[in-house]
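> Okay, handing you the structure first.
Derivation of every value follows stated rules applied to the coordinates shown; laboratory data play no part. Predicted, not measured: the structure shown is a model, and the values here were computed from it. So basically every Cβ, Gly included, is an ideal-geometry build from the backbone, and we count neighbours across all protein chains shown.
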Amino acid sequence: MEFQVSDDNKAAMVLEKHMHIRDYEVHDDGHICIYSHLDRQGSINKAFVQHDIEVTKIGMNEDKLEDYFTKLVGGGSIG
């Protein structure tokens with residue numbers, strides 16, 4: 001799940017402290033990818049808005065979970 005937000009530092013704090021979500025990645029341009037809790041898209045968006053974080057885009061990422069783990073381990077194949 002992807003969010004484009006006005007304040008990625010504040011959004012990360014909301015994810016961790018209020019939503020208890022830690023498996024996400026923040027990109028330089030205010031773009032946040034969340035890799036679990038896909039059924040909570042509405043409640044995550046609501047939490048951002050309640051904390052004065054403007055959400056300009058919400059979407060689903062087409063990347064595969066294997067690609068995510070490949071980035072974590074530094075490339076190459078898994079297994």
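> Report the residues of the stretch 1-30 in range of a label on S43: point 7 Å along Cα→C-beta, backbone N strictly under 17 Å from it.
Those under the cut-off are 1, 14-24.
> Modelled label-to-label distance, E54 and K10, 7 Å Cα→beta-carbon offset: nm?
So the two model labels end up 1.1 nm from each other.
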